[in-house]
Amino acid sequence: MQLTVAQKIISEHLVSGKIISGEEIIISIDQTLTQDATGTMVYLQLEALGVNKIKTKKSIAYIDHNTLQTGSENADDHLYIQTVAKKYGIYFSKPGNGICHQVHLERFAVPGETLLGSDSHTPTAGGMGMLAIGAGGVDVAVAIAQGEYHFTMSKIVKVNLTGRLNPWVSAKDIILELLKRLTVKGGVGKIFEYAGEGVKSLSIPQRATITNMGAELGATNSIFPSDEITFEFLKAQKREKDYLEIQADEGAIYDEEIEIDLSQLEPLVACPHSPDKVVPISSIKNIKVDQVIIGSCTNSSYSDLVKVARILEDKTIAEHVSLAIAPGSKQVLAMLAQNGTLASLIMSGARILECACGPCIGMGQSPPTDGVSLRTFNRNFKGRSGTLSAKVYLVSPEVAAVSAINGYLSDPRDLGKPPIVKEPESFFVNDNLIIPPANNPDKVKIIKGPNIKPFPTGKPLSSKIQGKVLIKVKDNITTDHIMPSNAKLLPYRSNIPYLSNYCLTPCDKNFPKKAKKNKGGFIIAGINYGQGSSREHAALIPLYLGIRAVLAKSFARIHQANLVNNGIIPLIFKNPEDYDNVNEMDELLIENTFFQVKKGIVKIKNLTKGKEYKMLLNITASQKEIIVQGGLLNLVKSNMF
């Protein structure tokens, strides 16, 4: 049987099930990654499982999100993660070493292996031919403890790349083109596998830019073949021993196919406030710009920043523009400093930020009121920048640099010939900020600061569920809406009771009060509820507030899994028009819950209106058992003891 790249890796790691779209499968997990915004909960859950030895080949804990030390909270979380990693056999990447996805690509990603990460952009490693999947924290904790991951086999979409990119057109424009065609919900339940002659023209950092932003499509993951380009990158990282060639078999069958002629692409821009609001730059240039930020796990590689430096060399940014640049890793920053490229960035007027996520997650560098900000990031949801009234555009590094000089959104093609930047034959390697596990774990003491509070756990399913509709929201509600993640709140990611006061407040500032007053209830939502970040807090905090079920037109993949894993029932309107008939504070009732959950069709009575709605529970048999047990941790622990 001819297999695709994804099918080959899955078949090598298949524990149970069949590699058929829609079938539940279990695969073995080689590696896991966490970052500090999600990591504290992952390791608290790992401790709760009571294991004493990890089952993965390698697990890494990164510190890259909460790096502003404005109080003790972040530092305490970092110390907890470092000590628990030391004890449990997990590598620890210290603050300053870089963004998890960039560092993982440089130092840990292995073609042909599997990676599960508690961050939605974990599929970045797919640029190296790795099957990399973003998931909720408890899924990662279980993977560390048991070495396995359950999921529904996705459809595999072949993205056939032909031709070559024209000057000034970048990998960012390839993924923006896909988002323009498919939208932010167009990849749900799909794996995007890149193929065709155009693949050979893309470097590993370019491929990683594409697989990184596949998360914005809602995809399970994205993957490139592992070829001679992969080998050269690994060799330059002094990791050629990790190389494995992986190509799709000739005649491999895909569920869908998309073709992109790279030679027909032009620079693209994602307009406010969604990554899929994509237009050609030629249609909107000349917009005055207040701020430009270059970095994030999407575009902070060495080659990205050298291109930017060449554009900025001997030039000065416009007087009304603030330009900030965040290198993706210590390796990138050190190489820029060694070869003098960093000086070009600084002399142009750029502000050099820490090697961290920073502004991408709202940790500093918020734009001015009503400001226009160009960013090389992956998301531009309203308010994510820290300024609710700001207009954030997503662009390539080339567009960002040229626009910073001109002071308005500019087409880089007007500049003439672009700088030619080749990947280095040898990267500077110094892993002194990656701390290995302890040789004597029994002697390691885990340190927990006062801000680290116990996480809530779900209760086994009751025979009936009754409560009020606490809020009704529209389409494309993000996890930023459900649990805001700005610079003021990020330090409290390990304090669920404190964060509960901010749940869904961007949609209704009184939601937490209503939830507490009514002792929980229901959430009503539109299409693609829970898109964006993988943050498990968007399920943990509703659980803490007593949410029993969410009724939506559709869910984003990771958030639906997070709801299930925490014992919250994700129900889909069988008749979407029923959404219009439910109002806030209606009293809802689900009877015979065990039978209805097992059946997968749930009837909900609206006691206020005297109506009944049919809801679909589109989850697997094992996920239904998770709901019955009140969450994945409860189920795993019951099977362990």
Whole-number percent relative contact order across the range 5-264, with pairs defined as alpha carbons under 8 Å at least 6 apart: 23 percent
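If the convex hull of the alpha-carbon atoms of the range 5-264 is projected onto planes in all directions, what is the mean projected area in square nanometres?
For the range 5-264, averaging the hull's shadow over all directions gives 14.2 nm².
How large is the Kirkwood hydrodynamic radius of the range 86-158, counting all unique pairs of alpha carbons, in Å?
Details: mean 1/r = 0.0749 Å⁻¹.
One over the average 1/r among Cα pairs gives 13.4 Å for the range 86-158.
May I ask which of LYS459/LYS598; LYS459/LYS624; LYS55/LYS155; LYS330/LYS448; LYS55/LYS637; LYS57/LYS624 have a Cα-Cα span longer than 19 Å here?
Working: LYS459/LYS598 17 Å; LYS459/LYS624 14 Å; LYS55/LYS155 28 Å; LYS330/LYS448 28 Å; LYS55/LYS637 16 Å; LYS57/LYS624 30 Å.
Beyond 19 Å between Cα atoms: LYS55/LYS155; LYS330/LYS448; LYS57/LYS624.
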Whole-Hz couplings from phi, Karplus 6.51/-1.76/1.60, listed for the range 433-449; x for Gly and Pro: 9, 10, 8, x, x, 6, 6, 10, x, 5, 8, 8, 9, 7, 10, 10, x
Cα long-axis angle, helix 397-406 against the chain (0 to 90 degrees, to the nearest 10): 60 degrees
ASP227-GLU319 pseudo-label distance in nm [points 7 Å out on the Cα-to-Cβ vector]: 5.0 nm
5 angstrom amide H check on GLY98, placed H, neighbours 5+ away: LYS330
Phi-based couplings in Hz for the range 139-148 (Karplus 6.51, -1.76, 1.60; Gly and Pro marked x): 4, 5, 4, 5, 5, 5, 6, 10, x, 9
Pairwise centroid distance, computed over Cα atoms, of the range 608-640 with the range 333-352, Å: 53 Å
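Show me 218-226, 626-634 ranked by packing, highest mean number of other Cβ atoms within 10 Å first.
Values: 218-226: 26.6, 626-634: 22.1.
The densest-packed peptide leads the list: 218-226, 626-634.
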Isotropic mean projected area of the C-alpha convex hull, the range 486-581 (nm²): 6.2 nm²
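To the nearest 500 deg cm²/dmol, what mean residue ellipticity at 222 nm is calculated for the chain from DSSP H runs of n ≥ 4 alone, each contributing -39,500 (n - 2.57), summed and divided by the residues?
Numbers: 20 runs with 184 residues, N = 641.
Mean residue ellipticity at 222 nm (helix-derived): -8000 deg cm²/dmol.
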Formal net charge of residues neighbouring HIS481 (Cβ-Cβ distance under 14 Å; K, R +1; D, E -1): +4
The range 214-262 and the range 89-134: distance between their alpha carbon centers, rounded to Å: 15 Å
Förster radius 45 Å - calculated FRET efficiency between SER263 and LYS598 (Cβ-Cβ, nearest 0.05): 0.25
Long-range amide H partners of TYR408 with built H, under 5 Å: VAL289
Label-point separation, LEU79 to ASN439 (7 Å along Cα→Cβ), nm: 2.6 nm
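Tell me the net charge near HIS320. Cut-off is 9 Å between Cβ atoms, HIS320 excluded, with +1 for each Lys or Arg and -1 for each Asp or Glu. Please report the intermediate quantities before stating the final value.
On the way: positive: LYS288; negative: ASP290, GLU319.
My count for the surroundings of HIS320 gives -1.
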Gyration tensor over alpha-carbon atoms, the chain, equivalent ellipsoid semi-axes in Å: 37, 27, 25
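Can you classify the range 402-503 as rounded, prolate or oblate using the Cα gyration tensor, where a ≥ b ≥ c are the square roots of its eigenvalues, rounded means a/c under 1.5, and otherwise it's prolate if a/b beats b/c and oblate if not?
Numbers: a/c = 2.97, a/b = 1.35, b/c = 2.20.
The shape class here is oblate.
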Residue-wise HN-Hα coupling along the range 545-552, computed from phi with Karplus coefficients 6.51, -1.76, 1.60 (Hz; x: Gly, Pro): 7, x, 5, 9, 7, 10, 9, 9
Area projected by the alpha carbon convex hull of the range 268-415, averaged over all directions, nm²: 7.5 nm²
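Can you give the local net charge around GLU591? Use residues other than it whose beta-carbon is closer than 10 angstrom to its beta-carbon, Lys and Arg +1, Asp and Glu -1.
On the way: positive: LYS464, LYS603, LYS605; negative: none.
Combined, the nearby Lys, Arg, Asp and Glu give +3.
For the range 1-92, just run the numbers: alpha carbon Rg, then divide by 2.2 N^0.38 Å, N being how many residues it has. Could the numbers behind the result be given before it?
Working: Rg = 17.2 Å, N = 92, 2.2 N^0.38 = 12.3 Å.
Relative to the 2.2 N^0.38 Å estimate, the range 1-92 comes out at 1.40.
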LYS611 long-range amide H proximity, modeled H, under 5 Å: ASN606
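Can you tell me the equivalent ellipsoid semi-axes for the range 465-640? Use √(5λ) from the Cα gyration tensor, largest first, whole Å. If you can, show how the numbers build up before the last one.
Working: eigenvalues 107, 81, 43 Å².
That gives 23, 20, 15 Å for the three semi-axes.
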Cα principal axis extents for the range 340-440, largest first, Å: 55, 37, 23
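Values quoted throughout were computed directly from the atomic coordinates according to the rules given, and no laboratory measurement underlies them. None of these values were measured; they are calculated from a predicted model. Using ideal geometry, Cβ is built from the backbone for each residue, glycine included, and neighbour counts are taken over all protein chains shown.
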